[in-house]
1. Report those helices (runs of 4 or more DSSP H) wholly inside region 82-180 carrying at least 1 residues which are under 18 Å from the mean Cα position of the chain (by Cα) and surrounded by fewer than 18 Cβ atoms within 10 Å (Cβ to Cβ).
2. Please go through region 132-175 and give me each residue that is of a type in the set (Lys, Arg) and within 30 Å of residue 286 (Cα to Cα), ordered by number.
3. Can you name the number of the only condition in (1) buried (at least 23 other Cβ atoms within 10 Å of the Cβ); (2) within 22 Å of residue 285 (Cβ to Cβ) that residue 189 fails?
4. Quick check, is residue 228 of a type in the set (A, V, I, L, M), part of a helix (DSSP H, G or I), over 16 Å from the mean Cα position of the chain (by Cα) and within 26 Å of residue 199 (Cα to Cα)?
5. Taking the stated definitions as given, is residue 210 touching a residue at least 40 places away in the same chain (Cβ under 8 Å) and under 24 Å from residue 95 (Cα atoms)?
6. Starting from region 64-82, keep only residues that are under 20 Å from residue 207 (Cα atoms), then list their pairs with residues that are small (Gly, Ala, Ser) whose Cβ atoms are within a distance under 7 Å, requiring at least 6 positions of separation or different chains.
7. Pull up region 60-81, narrow it to residues that are among the aliphatic types (A, V, I, L, M) and surrounded by 20 or more Cβ atoms within 10 Å (Cβ to Cβ), then point me to the one that is nearest to residue 178 (Cα to Cα).
8. Restricting to region 240-287, name every residue that is surrounded by fewer than 16 Cβ atoms within 10 Å (Cβ to Cβ), polar (S, T, N, Q) and touching a residue at least 60 places away in the same chain (Cβ under 8 Å).
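Read the figures in this text as sums done on the coordinates, not as results from a lab. All values reported here derive from a predicted model rather than from experimental measurement. Glycine also receives a Cβ, built like all others from the backbone with ideal geometry; neighbour counts cover every protein chain displayed.
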Amino acid sequence: MSLLEARNSYKPFEYPWAYDFWKRQQQIHWLPEEVPLGEDCRDWAQKLSDHERNLLTQIFRFFTQADIEVQNCYHENYGRVFKPTEVKMMLTAFSNMETVHVAAYSHLLDTIGMPESEYSAFLEYEEMAAKVDYIHQFGVDSDEDIARTLAMFGGFTEGLQLFASFAMLMNFPRFNKMKGMGQIVSWSVRDESLHCEGITKLFHAFCAERGCLTKSVKEDIIDCCQKVVRLEDAFIDLAFEMGPVPGMTAKEIKRYIRYIADWRLGQLGLPAIYMVEDHPLPWLAPLLNGVEHANFFETRATEYSKASTRGDWGQVWDSFDSRKKKIIGIEPIAENDGMDMFEQAGVAAE
């Protein structure tokens, strides 16, 4: 039995961890309409400066498309090759959640009044079109291709590119602006963190079964990471084309993506290359651990029990810093260091 072979019966599971990921995704399901956006409309019209609106507009132009590309990978690539039912359940659950993200970002854009022409505007910007073109180069025609694609999408698309945009967007709620958007982002971060963890687990299981993690493939994956960082640098420059905004500069975001890049490389069992030891955005973790945004007059009474989380987001980055030191040889690596930094901090669905 292997990841590329179908099983005649539902059980016994060969990959019970995949079923666990499926279940965790179901436990934190949410829908766009559960996020109040009325205040965001007022913020967009009255609170944001031209610099801030331009930065958000550039991110919004690509944000929806980015998750469409991720969903396409689940559906068109992974769906072709991975056959065990529990693995397909995990991948289908992750894929479905990407459709929720697409709908949520679209709901936000529609609510603030952005025209539908903006959904294809990314094609007009070289910095955005180049990201899509690069993503389209990955496939599943060989074992080595599958390994590279798992690393690219699980590590550097969901795990790096999206997190760069998440960080830029989360700067606004900390200044009491665009809080509904911040809620969408914080729930998306939780989903994408789960996806990174699950796909990384699949990457290691697949490479162990097929023996395809050769020196050449490892080098290709590191090259992919560096390419994604370069593409993201260009996108960040575009987002900040009118200059910095309160609380955030392009330089800080570029440093942040290198910090995350090293973490993702470590999860894939590869060496760090950027050596950014301290979290460049210390304000980010407390925001992601904050209370849910709700407006009494807009939203139904709910504690959102399905999406409740346990654990401390503040510990996430402490876990990350500890792991980073071990990767570069400052501390010994413990047995549980294969866990995602969010899982180690106990941030997960109830």
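1. Numbers: elements: 85-112, 126-135, 143-150, 162-170.
Passing ranges, in order: 85-112, 126-135.
2. Matches in region 132-175: 174 only.
3. (1)
4. Values: of a type in the set (A, V, I, L, M): yes; part of a helix (DSSP H, G or I): yes; over 16 Å from the mean Cα position of the chain (by Cα): no; within 26 Å of residue 199 (Cα to Cα): yes.
Against the criterion (of a type in the set (A, V, I, L, M), part of a helix (DSSP H, G or I), over 16 Å from the mean Cα position of the chain (by Cα) and within 26 Å of residue 199 (Cα to Cα)), residue 228 does not qualify.
5. Values: touching a residue at least 40 places away in the same chain (Cβ under 8 Å): yes; under 24 Å from residue 95 (Cα atoms): no.
For residue 210, the condition - touching a residue at least 40 places away in the same chain (Cβ under 8 Å) and under 24 Å from residue 95 (Cα atoms) - is not met.
6. Qualifying pairs under 7 Å: 74/95; 77/139.
7. The first filter runs over region 60-81 and keeps only residues among the aliphatic types (A, V, I, L, M), leaving 66, 68, 70, 81.
With the extra rule that they be surrounded by 20 or more Cβ atoms within 10 Å (Cβ to Cβ), the set shrinks to 66, 70.
Numbers: 66: 21, 70: 25 Å.
Across region 60-81, the extreme among qualifying residues is 66.
8. None; the set is empty.
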